[in-house]
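The values are calculated or read from the model by the stated rules, or taken from the named source; none is laboratory data. Being a predicted model, the structure only gives us computed values, none of them experimental. Counting neighbours? That spans all protein chains shown, and the Cβs are built from the backbone with ideal geometry, glycine included. The protein model used for the area step is the full one, side chains on, heavy atoms only, and it has no ligands, DNA or RNA in it. Shrake-Rupley method; radii C 1.70, N 1.55, O 1.52, S 1.80 Å.
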Amino acid sequence: MNETRVHIRLWHKDFWLLALSNLLLTLSVYVLIPVLPVWLMETENLSPQQAGIAMGAFAVGLFLPGAFCSWLVQHYRRNVVCLWAMAAVAACVVVLWYVDSQRTTFVEWWTVTLLRMAMGAAFGLAQMVLSSTLVIDTCESFQRTSANHAVAWFSRFALSLGPLAALLMIQPLGFGVLMLCAACLAIASLLTLSLVDFPFRTPEEGVRVVSLDRFFLPRGLVLFVNLLPVSIVAGLLLSLPVGSHFYALLMGGFLLALLAQRFVFRETEPKSEVISGFLLLLSSLLVLMFRPESPTASVLAGLGLGLTGSRFLIFFIKLSRHCQRGTSQSTFFLCWESGIVLGLALGYACFFRQLHSLLLVALTLIAVSLLMYLLFTHQWFMHHKNR
């Protein structure tokens, strides 16, 4: 079931460049997670509710370009579409930096909200083209599951490395310089991708302007609904006022999850990996509730998120039919990223400085998601999978 064994031939120069480009692009967005809401509330005098809505607008933007993704990559060079989307991410960050530099008045709430939505749209388009098309184009057919699995781990690492870098840099450099660093990361991602040579492909005829191709897999709706609470909980945890050590230990949990996949769950039934991930997440939340100062919580969270997220990615791939691999990738991406952003929005808008209430909601979401998987999703998936 796993099909993610390391293929040495997979890690050629072009694949390394694509993985690095993906990491840099995701870092350019994730470095804003711990600092942007604080800037909105403390410097721009917005309420926690307004800051939460502004952060959540990113999730709306993620879905805006998806229906046009297939048409864009068929009518224009697919790598060029991705490059322009990366440039748009950098431009949105630069505009935020410019807004911060204007100290004469407070920024309008709707300005930041629209910028966050535009950034989400650009990031969503870039990631959908990168993961659903460009990565697949550079691999042989028997390597594609391993390639998708590996690139997704680079994005997952950014979930800890981005906030960690932001918290380490914000005090010595300030918010303005940090924003410029985020823009430079997006530009570096663009430059890295431009080093990869993609062969020209003749556009297909009769491609509709609006379609679900490379955007959303209707067959994956059950998996989408089951995974969404997990990613929302990840966003809720990221909204907590934690220090840099939390994200460093979260990265340690991700590395442990990667090792566990290779040596613990390599020959086991996929159900055991998913249930283990859920139980580890529940344990992390319970530790945060009763021993919030314990470093164990962040390690358990990274381990649980790593196991659950990577296994559900494989489920999405195995659920897809012929020529739907890219669509399954985009569906997983939308579920994971939108859930994280929604969790951030809820954390600030509804549970700001209410740790106990936030953790109760997170525990409920994980428990419901676990029950859904045990009682319905697993049997449904085993009956409907195609690979």
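Return a yes/no flag: does region 95-117 have any residue that is among the polar types (S, T, N, Q) and closer than 27 Å to residue 343 by Cβ.
yes
All but one of (1) touching a residue at least 60 places away in the same chain (Cβ under 8 Å); (2) over 17 Å from residue 163 (Cβ atoms) hold for residue 24; state the number of the condition that does not hold.
Here residue 24 meets the rest and fails (2).
Scan (1) open to solvent by 10 Å² or more (accessible area, probe 1.4 Å); (2) of a type outside the set (Ser, Thr, Tyr); (3) in contact (Cβ under 8 Å) with a residue 60 or more places away in the chain for the single condition residue 383 breaks and write down its number.
Against the list (1) open to solvent by 10 Å² or more (accessible area, probe 1.4 Å); (2) of a type outside the set (Ser, Thr, Tyr); (3) in contact (Cβ under 8 Å) with a residue 60 or more places away in the chain, residue 383 comes up short only on (3).
Of these, 125, 134, which one is touching a Pro at 6+ places or on another chain (Cβ under 6 Å), among the hydrophobic types (A, V, I, L, M, F, W, C) and part of a helix (DSSP H, G or I)?
125
Inside region 1-41, can you point out the residues that are at pLDDT 90 or above and open to solvent by 40 Å² or more (accessible area, probe 1.4 Å)?
16, 20, 38
Need the failing condition index for residue 330 against (1) touching a Cys at 6+ places or on another chain (Cβ under 8 Å); (2) closer than 29 Å to residue 41 by Cα, just the number.
It is condition (2) that residue 330 fails.
Among the listed residues 300, 281, 344, identify the single one that is assigned to a helix (DSSP H, G or I), open to solvent by 30 Å² or more (accessible area, probe 1.4 Å) and either touching a residue at least 40 places away in the same chain (Cβ under 8 Å) or touching a helix residue (DSSP H, G or I) at 6+ places or on another chain (Cβ under 9 Å) (or both).
Details: 281 fails: open to solvent by 30 Å² or more (accessible area, probe 1.4 Å); 344 fails: open to solvent by 30 Å² or more (accessible area, probe 1.4 Å).
Selected residue: 300, the only one of 300, 281, 344 that is assigned to a helix (DSSP H, G or I), open to solvent by 30 Å² or more (accessible area, probe 1.4 Å) and either touching a residue at least 40 places away in the same chain (Cβ under 8 Å) or touching a helix residue (DSSP H, G or I) at 6+ places or on another chain (Cβ under 9 Å) (or both).
Just to be sure, is residue 69 over 17 Å from the mean Cα position of the chain (by Cα) and under 15 Å from residue 27 (Cα atoms)? It would help to see each step written out before you state the result.
Values: over 17 Å from the mean Cα position of the chain (by Cα): yes; under 15 Å from residue 27 (Cα atoms): no.
Taking the combined requirement at face value, the residue does not satisfy it.
Would you mind telling me which numbered condition in (1) of a type outside the set (Phe, Trp, Tyr); (2) within 24 Å of residue 30 (Cα to Cα); (3) open to solvent by less than 20 Å² (accessible area, probe 1.4 Å) residue 355 fails?
(3)
Across region 188-243, what is the total count of residues that are assigned to a loop (DSSP other than H, G, I, E, B), charged (D, E, K, R) and surrounded by 12 or more Cβ atoms within 10 Å (Cβ to Cβ)?
First, pick out the residues of region 188-243 that are assigned to a loop (DSSP other than H, G, I, E, B): 195-217, 239-243.
Subset that is charged (D, E, K, R): 197, 201, 204-205, 208, 213-214.
From what is left, the residues that are surrounded by 12 or more Cβ atoms within 10 Å (Cβ to Cβ) are 201, 208, 213-214.
Counting residues in region 188-243 that are assigned to a loop (DSSP other than H, G, I, E, B), charged (D, E, K, R) and surrounded by 12 or more Cβ atoms within 10 Å (Cβ to Cβ) gives 4.
Just the residues that are open to solvent by 30 Å² or more (accessible area, probe 1.4 Å) and farther than 23 Å from residue 325 by Cα, please, taken from region 130-172.
Scanning region 130-172 gives 161, 164, 165, 167, 168, 169, 170, 171, 172.
Which condition number does residue 315 fail, the rest of (1) under 18 Å from residue 222 (Cβ atoms); (2) among the hydrophobic types (A, V, I, L, M, F, W, C); (3) open to solvent by 10 Å² or more (accessible area, probe 1.4 Å) being met?
Of (1) under 18 Å from residue 222 (Cβ atoms); (2) among the hydrophobic types (A, V, I, L, M, F, W, C); (3) open to solvent by 10 Å² or more (accessible area, probe 1.4 Å), only one is false for residue 315: (3).
Out of all the residues in region 320-333, which are in a helix (DSSP H, G or I) and either crowded, with 24+ Cβ neighbours inside 10 Å or among the charged types (D, E, K, R) (or both)? Let's see the steps before the verdict.
Here is the first cut: in region 320-333, the residues in a helix (DSSP H, G or I) are 325-333.
Passing the criteria: 325, 326, 327, 328, 329, 330, 331, 332.
Cβ-Cβ below 7 Å, separation at least six or inter-chain, first residue in region 247-267 and closer than 20 Å to residue 27 by Cα and assigned to a helix (DSSP H, G or I), second open to solvent by 50 Å² or more (accessible area, probe 1.4 Å) and of a type outside the set (Phe, Trp, Tyr): which pairs?
That search, which allows pairs on different chains as well, returns 249/295; 251/161.
Looking at the structure I just gave you, is residue 84 out of contact with any helix residue (DSSP H, G or I) (no Cβ under 9 Å at 6 or more places or on another chain) and aromatic (Phe, Trp, Tyr)? Spell out the reasoning first.
On the way: out of contact with any helix residue (DSSP H, G or I) (no Cβ under 9 Å at 6 or more places or on another chain): no; aromatic (Phe, Trp, Tyr): yes.
Spelling it out, it is not the case that residue 84 is out of contact with any helix residue (DSSP H, G or I) (no Cβ under 9 Å at 6 or more places or on another chain) and aromatic (Phe, Trp, Tyr).
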